[in-house]
Amino acid sequence: MGELQAASLTDLNPEHLVKNSLTGLYSPRGFIEEARLFIPRTAPNEYCLIAMDIMHFRLFNKFHGRSAGDQLLIQIADCLEQVRNQYGGVTGYFEGDNFCVVMPWRVDLVEELWGRIGKAITQMGGATGVIPLFGISPIDDIELPPEVYYDRATLALSRASARDHTVPYDPGMESFLEEEIRLLMEVTEALEHEEFTFFAQPQCDIFTGKVVGAESLVRWRHKTRGMIPPARFVPVLERSGMICLLDKQVWEKVCQWLRSWLDRGYQPVPISINISRIDIMSMDVPAYLKGLLEKYDLPAKYIKAEITESAYAEEDDTINNTVDRLREAGFLVMMDDFGSGYSSLNMLKSVAVDVIKIDMRFLEINEEEEQKGIGILESIVNMARLMGLPIIVEGVETLQQENVLRSMGCRYTQGYYYYKPLPIEQFEAALADKRRLDFTGLHCKQVEAFHVRELMDGNLFTDTAVNNILGPCAIYEICGNQVEITRVNEQAYRLAGLEVPDNKDLTKKIWSNVRDDDRAELMSLFEWAYERRPEVAEGSIHYLRVDGRVLWVLVRVFFLREKEGRRIYFVSLTDMTALRNLREEKVRTKQPVTDLGQEDRDQLDQFYGALPCGLGVAKILLNEEQKADDYDIVYINREMERMCGRDIGRIRHLILKAFGDDFGRVLQKAYQAAFLGENLVHYAYSALSNHYLQLTLYQYEYGYAGCLLQDITQRQLHEEAFRSMVLSYQEVYYLNLQENYCRMLYPDGTLLTERGNYEAMIERHFGTGRILKFGEAATRQFLSLGNLRTALMSQDTVEHRYRRCSKGNPDEWCLTTITINERERGRPKTAVVTIRSIDKIIKEDEERRQGYMAKTLANMSDAFFIYRAMKDENILYANPAVMELYGCQSMTEFMDLVGHSFRGMVHPDDLNRVEWEIEEQIRDSDENMDYVQYRIIRQDGEVRWVEDYGHLETSKWGEEHRLFYVFLKDITDMITQPQQQKLLDTNRFYADRDPFVYDGPQD
């Protein structure tokens, strides 16, 4: 080591030894020449060359000034020199915030150096995201020139990030770089051929459900590979600086579509375009966009400019100038990805934006960090409200997330919970109905909720005042079916008729006040409050006082938190007995119900005729005993007419179905709404429109029930909606994939045996014979939690058919469909399991197949076989001509030769090509036909060439019902040598590709 430290530099040309005046380190040329002398004196893998960069160094200069930045560079140089003086090596400064060092290749020393530099940044004040990045190239061959190791180190450095700040060189990076270069060449060609397009993801008003705008998201329709996701090509374009070429093309396509939509007589909602820092630094964005507006004769109000938060942080002068010019030109400017790690809330005070966008992914609103995420969001929302800035929250995927946002007053949302990014055709369909659109622009909420700190202010509220405000309330703990009341206030004691000092057996006394037939209703409120937290669950129950009086109590349930498997709820109780008695007395005294005349109907139509949801009003007819006997629909609006096919009778049918064909229940609920003023929500399925509908009953006026009918097909369905959407289902279950919990929704949601541990329930169904043993392994695999969690990561619905024992049919084919109900951070959380009989369809399908088979095989002379289009590609049938072609004397001999699979029929060297060619031809063929040529190996070892003419028959009833019907022809004596060589050369192209398994027609 001492010899290395003492290495002389006297042989170098003096101009190479010029050192940077600021850092005292060698210039790039001097560093390379010194390394050229130093490396040969080392042993292989003893030293490494590190290329170094300071991430977001411009941000440090912005916050602390250039003089502080220079001081930081000097300190970094000192850190490098300490390593060189102690261990030997070479140090260099490559201008800007780039350094290089040759030092011992020891992980502990590298980490120590990284820590020293990080500490220097922190001691000088630091800034979020300002950290050193290392690209390391071990010097494994001392005969290679230093330029090679420098190139490797910089290649590794290009892969470093805030999460992975120290990256060693890997030879695979070279191929990765080559792949990027190939991709860039393809992108260049794709830009020329305009293969790029955009999808639009609508942005919605959370309170009205109306679309207020959309974001344009780039998509690549590759000429041979189909749709390529942006994650594959956008990062490459950003690293290469070519992203601006793509952005310009997308911007123009957005303007083209806006012009087209206007020309067709529609009014568009504003569309967001994404503008990157690279765009702003490489071109005059405002001038380019104004040119597009002039070219397509568009007003600026239809374009929203989304600029990422990190861009504001790095180039304040250039960015701010661009933003100012965009706003002056009439564009609405949005700060995208606020809270992604570069800014503080104080940034909102100094930037010129009209709207901020927050990505739900940065808020970590999940069960583990729920309160932390909500706290972050509340801080941002409150600051934005003070600044008068509207907020759009994107990445909303679950009902729980929507509930959190709604409770905070966040008005605008974007995400898969509402709409996926839509192809233009689907986006246009969503925009076609003006009633579902909001053209008033984005607004900041002016009504502010009360804050906890205000209620906790002892100067404003005493404990007595707070308890009087809350009224009767209690804290409940639920564990499974066990209910424990851990705390109540004095008001709750008095409601129950108890004396406050009498606190023995608290749980028993309070819980026993709930009438037996209402306990299931109360338990359902607890489940509802948990699943839709932080929303309140609300319902009415009969409440028994100790003095024998029965109260009608409004119960409001709030989920608080979960601890050690116990769920904790806050429950408030409101005595509604007097109001209910007053309303019932009104009915008993036969107070007349006024008739609605034509003038009243005209007024209804004036106010509600154009509502985007269906609305109807019905008069509830009472018998002599003042009980509901029937109802008469007196008004429906235009949307109600459309949803029900302009048939009032169908409305009655839908309402009946929503209440399980129980007309008495319909009348009971209608009576409660019309005469007692209760609001009731139920669900129905319209076979006419194939849509799911939500019905809300309320009191329009005394004696009249109003019915709101909303189409919820395009929104994530409430779990309870499935109670009335199961007309064709035998059973429906709710499944929590993360908690291994399941319960029956239909036909009997009260069965204790059909709720609880999901995996145990599946075992019970196998053990009791409800699921038959045929194909047990495949059925178990499909129903396993592990399989469902994996499959539903990339799909919204999975299906499997199997045989089960049902009432009236001991051996019945059923189709089980599992559909995502809720996702959390992209992972499947809850799902709905539906089971319906397909026994009749399967048997009819089998009869049809047998007829087709008989017709196909009649008088067959050519070689013909059938195999399944699934992973094993099992052969189901082969005629004698096939056995003869393969030199076999029997079917058993043939099956043993090919391993019972089509894959064994093809020469191994041809297999990859054959399977990929079949897939490509099937995909491009309207009739599912393929034609391929390949070699076979006969029983005697002879290799022959064949032609394969195949037809794929598909079926929606399972993978095993997709079959290939194939004719084979021996062409050994007809195929020419050049033709053979061409096919063999093509094999090499497919050699490195994974074998393809056909999975059905592609969308």
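The values are calculated or read from the model by the stated rules, or taken from the named source; none is laboratory data. Small disclaimer: the values here were computed from a predicted structure and weren't measured. When we count neighbours, we look across all protein chains shown, and the Cβ atoms used for this are built from the backbone with ideal geometry, even at glycine. Protein only, heavy atoms only, side chains kept; ligands, DNA and RNA dropped before computing areas. Shrake-Rupley method; radii C 1.70, N 1.55, O 1.52, S 1.80 Å.
Structure summary
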| read-out | value |
| --- | --- |
| Segment 177-247 - convex hull of the alpha-carbon atoms, volume per residue in Å³ | 104 |
| Projected label distance in nm at residue 325 and residue 81, using a 7 Å step from Cα toward the beta-carbon | 4.4 |
| Cross-link table 62/304; 223/290; 223/969; 119/357; 223/982; 304/420, entries beyond 30 Å C-alpha to C-alpha | 223/290; 223/969; 119/357 |
| Net length gained if the chain between residue 811 and residue 872 were fully extended (0.36 nm per residue, minus Cα distance) | 19.3 nm |
| Accessible-area ranking of 814, 479, largest first, probe 1.4 Å | 479, 814 |
| Residues whose placed amide H lies under 5 Å from that of residue 442, excluding near-sequence neighbours | none |
| Most to least packed among 195-201, 780-786, 83-89 [average Cβ atoms within 10 Å] | 195-201, 83-89, 780-786 |
| Carbon/sulfur fraction of accessible area - segment 175-305, other protein chains in place, 1.4 Å, % | 54 |
| Per residue, in Å², the accessible surface of segment 28-169 once ligands and nucleic acids are set aside, probe 1.4 Å | 42 |
| Segment 28-169 shape via C-alpha gyration tensor axes, a/c threshold 1.5 | prolate |
